[in-house]
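The values are calculated or read from the model by the stated rules, or taken from the named source; none is laboratory data. For clarity, every value in this text was computed on a predicted model and none was experimentally measured. Note that each Cβ is placed from the backbone with ideal geometry, even for glycine, and that neighbours are counted across all protein chains shown. All accessible areas refer to the heavy atoms of the entire protein, side chains included, with ligands and DNA or RNA removed. Shrake-Rupley method; radii C 1.70, N 1.55, O 1.52, S 1.80 Å.
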Amino acid sequence: MELPTKYNPELTEDKWYKHWMEKKYFHSEPDEREPYTIVIPPPNVTGVLHMGHMLNNTLQDVLIRRARMQGKNACWVPGTDHASIATEAKVVNKLNSEGLSKETLGREKFLEHAWEWTHKHGGIILEQLKKLGASCDWERTAFTMSDSLYDSVIDVFIDLYEKGLVYRGVRMINWDPTAKTAVSDEEVVHKELQSKLYYLNYLVEGEDDYITIATTRPETILGDTAVCVHPNDERFLKFHGKKVIVPLVNRAVPIICDEYVDREFGTGALKITPSHDVHDYEIGLKHKLATIDIFNDDGTMSENAELYIGKDRFEVREEILVDLKRSGNLLKVEDYVNKVGFSERTDAVIEPKLSLQWFLKMSEFGEAALEVVEEGNIKFHPPMFKNIYRHWMQNLRDWNISRQLWWGQRIPVFYLPDGEYVVAKTKEEALEKAKVKLEKGDISLTDLKQDEDVFDTWFSSWLWPISVFDGIRNPDNEDINYYYPTNDLITGPDIIFFWVARMIMAGLEYRNKIPFKNVYFTGIVRDKIGRKMSKTLGNSPDPLDLINQYGADGVRVGMLLTAPAGNDLPFDPALCEQGRNFSNKIWNALRLVKGWEVDIDIEQSESNKTGINWFRAKLDETLSEINNHFEKYRISNALMLVYKLIWDDFCSWYLEIVKPAYQKPIDEATLNSTISFFEELMKVLHPFMPFITEEVWHMLSEKVDDDIIVANMPVAQEYDKVVIGEFVKAKDIIVGIRNVRKDKNIPQKERIELQVKKGELDSFSMFPVISKIGNLSDIVFVDEKSGSSLTFTVGAHEFYIPVDSSIDIEAEIRKLEEELSYTDGFLKSVMKKLSNSRFVDNAPAAVVDKERQKQSDAEARKSVIEKQLADLRK
């Protein structure tokens, strides 16, 4: 069968993915093999593939395919996260567009709509991952709202509550007025804004004097319950023990003293609004101040505000300034730069708010979770992220685990009419507990009301490596005992505390084991001018469009070529084009090899034998280096080695050495070695480029029930370092021959003689290869250069090519002078480094030795060039 001139991924990708699925190669069950497990960072159930997903999941697939080929029982668990805030917001918007509202529908009907939305739009991203080639165990697909994972969350909450680690209390939290729920500190994005600082006069009660305060939020004065000054600030000593009148609402509030006040900021006097500022809340607790919550859940003014009731907080900011100016309380306004918190999910300005919430005591988990990273039981790649992790773990705050939403795992707390509550899995269990523990024998099911809130989404995600194997509900089942702890986690550093730290805590708490052994942190995918890729900026290409244009293999290579661990990826679609070109390079090599005719009667040439010996050594050397990169999680570096091995060493050199002359046959031994090398290369490349490697694997030779996805990954053997070094020299000699041909317009098809000055190269093993590629008629060893010869040097070795035409002496001298100048400059740079005692004393011995070898080679080369110049000038 004649192969197409170009590789067409459309003809192979769906074909092979379907084949792999039918063969159940992705599926894993516990057996006697060593397990290798990855759990996918679960994307939002209604999300779609973006470039960050592409990078993250390509890396996971590389690791899982490599492990599979190493004979391990590879299990990559896919799944999705229910994403409470994001999903509920989408459902609410859909209902609003239909003239419906969450509140009028009620909880049960709303959840029906949420499930309908999830079934309709959920899982799209997982189907998209299949186009990328992700070899997940789809039979194990998990969802954080599935029965088993839902129950696991409930069981954990009850367990933690019974251990005294969960409590309910009023605390200052971050309130998202758009989503109408609390969000954690980690879900708040602080942005620097050009704001205003408003100076307001507060009349001292019973006097004609004023205290001036400065605020960026004049609307919050309606919730003021004190003004605070530093006790040692002489400007305000006369006001100690007095009261001021809050403008507009005319409420008398005390002037209090506290060292918290920064005397240099603003006017040195602070308005205190305990319900709507974290620091004010702490001062309010200390001084037993009243709290006035002036905001409704949607960010409008509540009845407690007394004024502007029902109006939006930002609308009120404009109106209150007019009224303050009219009342004479607005002194002045200044420009001011400050940081404002925004909700990561809705981009609404966060409102600090006192709220009754459920919290998890984090101090109980922090020390052990930090210790396993500090001691290296869990390794971070790159290790610099240990510092960020350490900072988080040493500054833990209790985790607000409740959210004022309906989509999620509902908190299993049941309230009695008198306000008491019990924690139980079901209403029936709650009733029994109430009767026994609270001695409420006269109550019935109808008296119990379940908490309206659900858990923070991360409260289900932190159990992910355990719950996907049902390790919470059934802690001794076969799957959890076999697959846990998992091996590698691939994730972004932005969720190092959200998710990574909390999974470590949960693993230690519920399995007494770490959840994974290595964490590989990806960088952020940016455009070529350094901006983070986002839909808002319009600089993020559709991954599926890229796959359609360049093929999945091309996109995978394009993503990974510039994606070192922890570093941002400067993505350019041209990288995918490079990946596609690589596919075509491989395809052209296949077409070349498949086009050879074998003649069993031909003996193997010395050049072919030499070329095969060299490539065997080069392949084993590179396999060793690739393995070293994988051990250090330098996956991008490993790919680059494979890329160069195939493109440069195999295609550009090896195939040139062994390919027969035009329309001539090849010997059987060389063809067999070439196919064997080609197959090994496809195995090494398969984790990175699964589709083309499977296609080429089957094209190279007849195979029945033998797919590359489950073939054995080649293992590096002992190799001949001498032959590798000699081939480097041979390449330089070949380049020298080519340069002479180019300079003197000697066609490649014209055979020429190469003269070698006698010396160290008399027994050089690579001359058969040089003779073939250089198209030499003969290689002759000589004592001196003949008069009509052209000269080139490789290191300290001289080579001559006899020519019939007269030589342009002046041109040769100019060329040698340029070469001498370059060699002088190079030698000076090496000598400068070697004259630096700090370098010589502190650099590894091998590095210093290498520089000294460079010095020796350059000095020898300089000597040869000077002699050649002297000969030409005679």
When both residues are 6+ apart or on different chains and their Cβ atoms are under 8 Å apart, which pairs have a first residue that lies in region 539-560 and is open to solvent by 10 Å² or more (accessible area, probe 1.4 Å), and a second that is of a type in the set (G, A, S) and not in a helix (DSSP H, G or I)?
S540/S534
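Can you name every residue in region 499-524 that is among the hydrophobic types (A, V, I, L, M, F, W, C), open to solvent by 10 Å² or more (accessible area, probe 1.4 Å) and not in a loop (DSSP other than H, G, I, E, B)?
L508
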Pairs, please: C-beta under 8 Å, at least 6 apart or cross-chain, first residue aliphatic (A, V, I, L, M) and in region 291-316, second open to solvent by 80 Å² or more (accessible area, probe 1.4 Å)?
I292/N304; I294/N304; M301/I309; I309/E303
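Yes/no per residue for (1) part of a strand (DSSP E or B); (2) hydrophobic (A, V, I, L, M, F, W, C); (3) touching a residue at least 40 places away in the same chain (Cβ under 8 Å):
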site	(1), (2), (3)
R326	no, no, no
K339	yes, no, yes
A369	no, yes, yes
I388	no, yes, yes
N395	no, no, no
F414	yes, yes, no
P417	no, no, no
E432	no, no, no
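Evaluate the following for L641: is it in contact with an Asp or Glu (Cβ under 7 Å, 6 or more places away or on another chain), part of a helix (DSSP H, G or I) and not hydroxyl-bearing (S, T, Y)? Write out each step before concluding.
Values: in contact with an Asp or Glu (Cβ under 7 Å, 6 or more places away or on another chain): yes; part of a helix (DSSP H, G or I): yes; not hydroxyl-bearing (S, T, Y): yes.
It is true that L641 is in contact with an Asp or Glu (Cβ under 7 Å, 6 or more places away or on another chain), part of a helix (DSSP H, G or I) and not hydroxyl-bearing (S, T, Y).
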Would you mind telling me which numbered condition in (1) open to solvent by less than 50 Å² (accessible area, probe 1.4 Å); (2) at negative phi; (3) in contact (Cβ under 8 Å) with a residue 40 or more places away in the chain K585 fails?
(1)
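Looking only at residues in region 60-100 that are among the small types (G, A, S) and open to solvent by 30 Å² or more (accessible area, probe 1.4 Å), which one is farthest from D176 (Cα to Cα)? Can you show your working first?
Filtering region 60-100 down to residues among the small types (G, A, S) leaves 67, 71, 74, 79, 83-84, 86, 89, 97, 99.
Then keep just the ones that are open to solvent by 30 Å² or more (accessible area, probe 1.4 Å); that gives 71, 89, 97, 99.
Values: G71: 50, A89: 12, S97: 22, G99: 23 Å.
Per the criteria, the residue is G71.
Quick one: which of D648, D667, D732 is more than 30 Å from D568 (Cβ to Cβ) and open to solvent by 40 Å² or more (accessible area, probe 1.4 Å)? Quick ask: steps written out before the conclusion?
Details: D648 fails: more than 30 Å from D568 (Cβ to Cβ); D667 fails: open to solvent by 40 Å² or more (accessible area, probe 1.4 Å).
Matching residue, one of D648, D667, D732: D732.
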Of all helices (runs of 4 or more DSSP H) fully inside region 1-115, the set with 1 or more residues that are in contact with a strand residue (DSSP E or B) (Cβ under 8 Å, 6 or more places away or on another chain) is 51-69, 84-97
Here is a list of conditions, (1) surrounded by fewer than 20 Cβ atoms within 10 Å (Cβ to Cβ); (2) over 30 Å from the mean Cα position of the chain (by Cα); (3) of a type in the set (F, W, Y), and W117 meets all of them except one; can you say which number that is?
(2)
Using the structure shown, decide if G47 is open to solvent by 30 Å² or more (accessible area, probe 1.4 Å), farther than 22 Å from L560 by Cα and among the small types (G, A, S).
no
Against the condition over 29 Å from the mean Cα position of the chain (by Cα), without any contact (Cβ under 8 Å) to a residue 40 or more places away in the chain and over 30 Å from Y482 (Cβ atoms), how does L95 come out, does it pass?
yes
Anything in region 783-821 that is in a helix (DSSP H, G or I), modelled with pLDDT of 85 or more and surrounded by 12 or more Cβ atoms within 10 Å (Cβ to Cβ)? List them, or say none.
E817, E819, L820
Is at least one residue of region 233-256 touching a Leu at 6+ places or on another chain (Cβ under 9 Å), open to solvent by less than 60 Å² (accessible area, probe 1.4 Å) and at positive phi?
yes
Pairs, first within 17 Å of T58 (Cβ to Cβ) in region 521-534, second in a loop (DSSP other than H, G, I, E, B) and among the charged types (D, E, K, R), C-beta under 8 Å, six or more apart:
G523/D568; I524/D568; V525/D568; R526/D568; M533/D527
Counting only residues that are within 21 Å of D705 (Cβ to Cβ) and basic (K, R), which one in region 5-20 is surrounded by the most Cβ atoms within 10 Å (Cβ to Cβ)?
K15
Search region 229-262 for residues being under 17 Å from T215 (Cβ atoms) and out of contact with any strand residue (DSSP E or B) (no Cβ under 8 Å at 6 or more places or on another chain), and hand back the single one that is modelled with the lowest pLDDT.
D262
Can we say L165 is open to solvent by 10 Å² or more (accessible area, probe 1.4 Å) and either charged (D, E, K, R) or modelled with pLDDT of 95 or more (or both)?
yes
Considering only residues of region 476-496 that are open to solvent by less than 20 Å² (accessible area, probe 1.4 Å) and outside any loop (DSSP other than H, G, I, E, B), which is modelled with the lowest pLDDT?
I496
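Would a scan of region 689-704 turn up a residue that is over 30 Å from M559 (Cα atoms) and open to solvent by 60 Å² or more (accessible area, probe 1.4 Å)?
At the first step, the residues of region 689-704 found to be over 30 Å from M559 (Cα atoms) are 701-704.
Okay, now just the ones that are also open to solvent by 60 Å² or more (accessible area, probe 1.4 Å), so 702, 704.
Checked region 689-704: at least one residue is over 30 Å from M559 (Cα atoms) and open to solvent by 60 Å² or more (accessible area, probe 1.4 Å).
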Which one of these does G441 not meet: (1) surrounded by fewer than 20 Cβ atoms within 10 Å (Cβ to Cβ); (2) outside any loop (DSSP other than H, G, I, E, B)?
(2)
Members of region 120-155 found to be open to solvent by 10 Å² or more (accessible area, probe 1.4 Å), among the charged types (D, E, K, R) and touching a strand residue (DSSP E or B) at 6+ places or on another chain (Cβ under 8 Å), listed by number
R140
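Taking the conditions exactly as written (open to solvent by 30 Å² or more (accessible area, probe 1.4 Å) and free of Cβ contacts under 8 Å to residues at least 40 places away in the same chain), does R616 satisfy them or not? Before the answer, list the steps.
Numbers: open to solvent by 30 Å² or more (accessible area, probe 1.4 Å): yes; free of Cβ contacts under 8 Å to residues at least 40 places away in the same chain: no.
Taking the combined requirement at face value, the residue does not satisfy it.
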Regarding A661, is this residue without any contact (Cβ under 8 Å) to a residue 24 or more places away in the chain and over 27 Å from the mean Cα position of the chain (by Cα)?
yes
What pairs come up if the first residue lies in region 42-66 and is within 22 Å of R531 (Cβ to Cβ), the second is of a type in the set (F, W, Y), and their beta carbons are under 9 Å apart, counting only those six or more places apart or on different chains?
M51/F571; L55/F571; T58/F688
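Given E315, E319, E334, which one is more than 19 Å from F498 (Cβ to Cβ) and in a strand (DSSP E or B)?
Details: E315 fails: in a strand (DSSP E or B); E319 fails: in a strand (DSSP E or B).
None of the others qualify; the one that does is E334.
Can you tell me which residue is most open to solvent (accessible area, probe 1.4 Å) among those in region 267-303 that are hydroxyl-bearing (S, T, Y) and out of contact with any Asp or Glu (no Cβ under 8 Å at 6 or more places or on another chain)? Give the derivation first.
Filtering region 267-303 for residues hydroxyl-bearing (S, T, Y) gives 267, 273, 275, 281, 291, 300, 302.
From the residues that got through so far, the ones that are out of contact with any Asp or Glu (no Cβ under 8 Å at 6 or more places or on another chain) too are 267, 281, 291.
On the way: T267: 25, Y281: 27, T291: 78 Å².
Within region 267-303, the match that is most open to solvent (accessible area, probe 1.4 Å) is T291.
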